[in-house]
Amino acid sequence: MTDLLRDTLNERADGIEPPPLDLDGIVAAGNRQISRRRALTVLGGAVATAAVAVGGATLIRPRTPRPQPARPAPYVERRAVTFALGNKIHYGSDVIPVPSKHINAFVQTDAGFVFLDEGNNIHIADRAGVRATGKGTWRLTADHRGSLVAWVEDFNDHCESVVYDVAANRELVRTPAGNAIPANASLAYGPRIVAIDGNTAYFGTLKGLYRWDISTNNGELLAKVPPDAVRTVSAGQLVYQQPLVQPAAGHTLRVGPTLTTGDRTTFAGEQAFLSPGAKYLVTQPNDASAGPQPVWSDLQLYGVTTPTGRPLPRTSYWKFRFGQWLDDTTFTAAGARHTSRNEADLLVVDARTSTYGVVAPEFSTYTFSKTAPRTTPFAMPTGAPIYDLG
Amino acid sequence: MSFADFATSRHGALYRYAYLLAGDRGLAEDLVQEALVKTYVGWHRLRDPNNAEAYTRRVITTTAIDWWRRKSWRAELPNDDVPDRPADPDDVTARVWLWYELQKLPPRQRAALVLRYYEDLTEPQTAEVLGCSVGTVKSQVSDALKKLRTRLGSDVVLKAGMTE
């Protein structure tokens with residue numbers, strides 16, 4: 001055949017650049033198809049089993065395991081200094097690349113990392129590789145230990161609270177409890193997962209705070225308070241705002257096993273990060289600038305059982321972002337420097353001495369991308385994306 | 001070879017093939033995405049990478065033909081940048097013209113040409129991808145070339161040797 005035809009085809013083919021391969025999307029779509037087929041197979045299987053039972057014979061075929069993208073295996077039972085930069089999770093000395101363009105937010109569990117990509121789709125990076133769950137959300141919540149992660153999924157007329165076991169690769173809880181959206185209502189404060197504390201999840205719903213027993217999949221309404229009135233829960237201790245029923249963020253915080261307004265120590269700050277044993281409390285006062293979200297600014301460190309504390313010295317930094325409790329006395333945070341380039345350092349803070357050391361100088365910059373969704377280059381393992389509404 | 005290895009290593013080639021069929025980058029991307037999802041679902045039956053690639057190409061081809069019928073891509077073909085009919089096959093405008101005329105061919109004929117003259121498949125291999133007989137491949141290719149010769153004009157055809 002002619003050279004002209006071959007030249008034309010080759011020229012056209014060579015002249016285009018293939019787009020990035022969305023392997024996660026392909027695997028997720030494939031898994032959805034497989035799930036639908038299995039559901040039909042189970043339905044058909046019930047009929048087939050009945051027929052086989054009459055004949056007195058049963059054939060069981062082993063299931064071929066699904067292929068998964070091959071990725072480096074994260075070993076995540078240990079809490080190490082962790083952050084995400086672009087599409088890589090940095091965990092101690094390990095770097096775990098993921099096939100997404102950007103990691104908006106992530107959390108660490110004992111069974112693997114769970115992250116939101118640039119479209120807020122939920123992915124899991126564990127020993128089996130990186131896989132998409134096919135779900136999406138705005139924020140992730142995990143416990144200090146264990147393999148559970150939780151999130152809220154939005155629907156037209158309601159939201160659902162979900163608890164997912166990364167180790168077992170399945171949902172343990174999915175409930176719309178407390179999250180019916182009234183007709184013609186525009187939500188100023190949406191529902192959120194307050195915390196997972198051992199085998200108990202706390203759901204901040206539109207109706208109030210639910211305490212949910214994950215093993216029995218049953219819950220109770222603890223109090224009719226705004227979704228974010230309780231900030232977090234660790235070791236059975238709830239960190240809640242004062243005043244408790246104020247719909248916007250309260251002005252101070254208290255800690256206790258119940259939501260009473262009794263004689264308890266008051267802590268300054270709006271955002272709260274309680275240590276695993278509830279011994280120390282880190283708070284972050286809200287910034288008056290409503291642009292960068294979440295509106296966290298200073299870091300303040302308090303002893304809960306022996307109330308002492310003060311803001312960390314700001315000598316070198318104008319902004320802090322909490323990271324993660326590594327154990328009951330040390331935690332990580334990012335600090336943005338007072339420079340024109342806003343370099344960010346990664347810090348490890350010792351709660352016993354209120355001192356900190358820089359473990360990764362200039363690991364990123366506290367700047368926002370020029371295009372939507374205007375996120376920072378980095379994410380800390382809080383489950384909350386850092387973005388700019390300004 | 002894992003599915004991830006297969007998809008990663010062959011994605012570029014599959015995309016180019018889909019682009020030659022569809023003539024549109026967005027449609028090509030959708031075609032490859034849909035075909036790779038089907039390949040993933042059937043991966044346990046397609047352990048041999050050669051089987052997987054042939055299967056994926058077949059899905060791309062049949063899906064493209066099906067979409068073409070339903071969406072009538074021909075109606076959407078842009079023609080603002082098509083130059084006047086060329087007088088010489090060495091002229092770059094000849095390739096632009098030929099590309100434009102290829103888009104106007106029925107999808108099976110276009111697929112047959114791409115498989116034979118871009119992928120360099122034999123007639124039996126082309127028949128397998130298209131899911132038809134070798135005789136049908138021969139007639140599809142013959143008809144397609146005849147149309148191209150007519151549309152390109154005798155001067156260009158003779159100089160380019162397209163009378164073979």
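The values are calculated or read from the model by the stated rules, or taken from the named source; none is laboratory data. Please read these numbers as outputs of a predicted model, since none were measured by experiment. Please note: Cβ atoms are built from the backbone with ideal geometry, for glycine as well, and neighbour counts cover all protein chains shown.
Collect the residues in region B:30-40 that are at the interface with chain A (Cβ under 7 Å from one of its Cβ atoms) and either polar (S, T, N, Q) or surrounded by fewer than 19 Cβ atoms within 10 Å (Cβ to Cβ) (or both), keeping them in residue-number order.
B:GLN33
Taking region A:310-365 only, how many residues are more than 21 Å from A:GLU270 (Cβ to Cβ) and assigned to a loop (DSSP other than H, G, I, E, B)?
Looking only at that region, the number is 13.
Is it the case that region A:70-78 has a residue that's of a type in the set (Asp, Glu) and modelled with pLDDT of 90 or more?
There is no residue in region A:70-78 that is of a type in the set (Asp, Glu) and modelled with pLDDT of 90 or more.
Tell me which residues, restricted to region A:323-342, are surrounded by fewer than 18 Cβ atoms within 10 Å (Cβ to Cβ) and more than 23 Å from the chain's Cα centre (by Cα).
Of everything in region A:323-342, those that are surrounded by fewer than 18 Cβ atoms within 10 Å (Cβ to Cβ) and more than 23 Å from the chain's Cα centre (by Cα) turn out to be A:HIS338, A:THR339, A:SER340, A:ARG341, A:ASN342.
One line per residue, one yes/no per condition, for (1) modelled with pLDDT under 90; (2) more than 14 Å from every other protein chain (Cβ to nearest Cβ); (3) part of a helix (DSSP H, G or I); (4) touching a helix residue (DSSP H, G or I) at 6+ places or on another chain (Cβ under 7 Å):
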site: A:VAL42; (1), (2), (3), (4): yes, yes, yes, no
site: A:VAL47; (1), (2), (3), (4): yes, yes, yes, no
site: A:ALA51; (1), (2), (3), (4): yes, yes, yes, no
site: A:LEU59; (1), (2), (3), (4): yes, yes, no, no
site: A:PRO99; (1), (2), (3), (4): yes, no, no, yes
site: A:HIS102; (1), (2), (3), (4): no, yes, no, no
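Looking at region A:342-356, can you tell me whether even one residue there is touching a residue at least 60 places away in the same chain (Cβ under 8 Å), of a type outside the set (A, V, I, L, M) and on the phi < 0 side of the Ramachandran plot?
Scanning region A:342-356 turns up no residue that is touching a residue at least 60 places away in the same chain (Cβ under 8 Å), of a type outside the set (A, V, I, L, M) and on the phi < 0 side of the Ramachandran plot.
Would you kindly identify the strands (runs of 3 or more DSSP E) lying entirely within region A:195-264 that contain at least 3 residues that are more than 23 Å from the chain's Cα centre (by Cα)? Talk me through it step by step, then tell me what you get.
Working: elements: A:200-204, A:209-213, A:218-223, A:230-234, A:237-242, A:252-256.
Here the list reads A:218-223, A:252-256.
Are any residues in region A:357-390 within 24 Å of A:ASN87 (Cβ to Cβ) and free of Cβ contacts under 8 Å to residues at least 60 places away in the same chain, and if so, which ones?
Listed by number, the residues that qualify are A:PRO361, A:GLU362, A:THR365, A:TYR366, A:THR367, A:SER369, A:LYS370, A:THR371, A:ALA372, A:ARG374, A:THR376.
Here's a check for you: in region A:1-21, which residue that is within 7 Å of chain B (Cβ to nearest Cβ) and outside any helix (DSSP H, G or I) is modelled with the lowest pLDDT?
Among those residues, the one meeting the criterion is A:MET1.
Could you pull out the residue among B:LEU145, B:LEU102, B:LEU98 that is within 12 Å of chain A (Cβ to nearest Cβ), within 22 Å of B:GLY23 (Cβ to Cβ), assigned to a helix (DSSP H, G or I) and modelled with pLDDT under 85? Steps first, please.
Working: B:LEU145 fails: modelled with pLDDT under 85; B:LEU102 fails: modelled with pLDDT under 85.
From the options B:LEU145, B:LEU102, B:LEU98, the qualifying one is B:LEU98.
Suppose we keep only residues that are crowded, with 17+ Cβ neighbours inside 10 Å and acidic (Asp, Glu) within region A:218-276. Which one would you say is nearest to A:ALA150 (Cα to Cα)?
So the residue we want is A:ASP228.
Give me the pairs: first residue in region A:19-32 and charged (D, E, K, R), second residue at pLDDT below 80, beta-carbon distance under 9 Å, and six or more apart or on different chains, which are they?
A:ASP24/A:PRO69
Can you name every residue in region A:166-186 that is part of a strand (DSSP E or B) and either of a type outside the set (D, E, K, R) or under 13 Å from the mean Cα position of the chain (by Cα) (or both)?
Answer for region A:166-186, where residues must be part of a strand (DSSP E or B) and either of a type outside the set (D, E, K, R) or under 13 Å from the mean Cα position of the chain (by Cα) (or both): A:LEU172, A:VAL173, A:THR175, A:ALA180.
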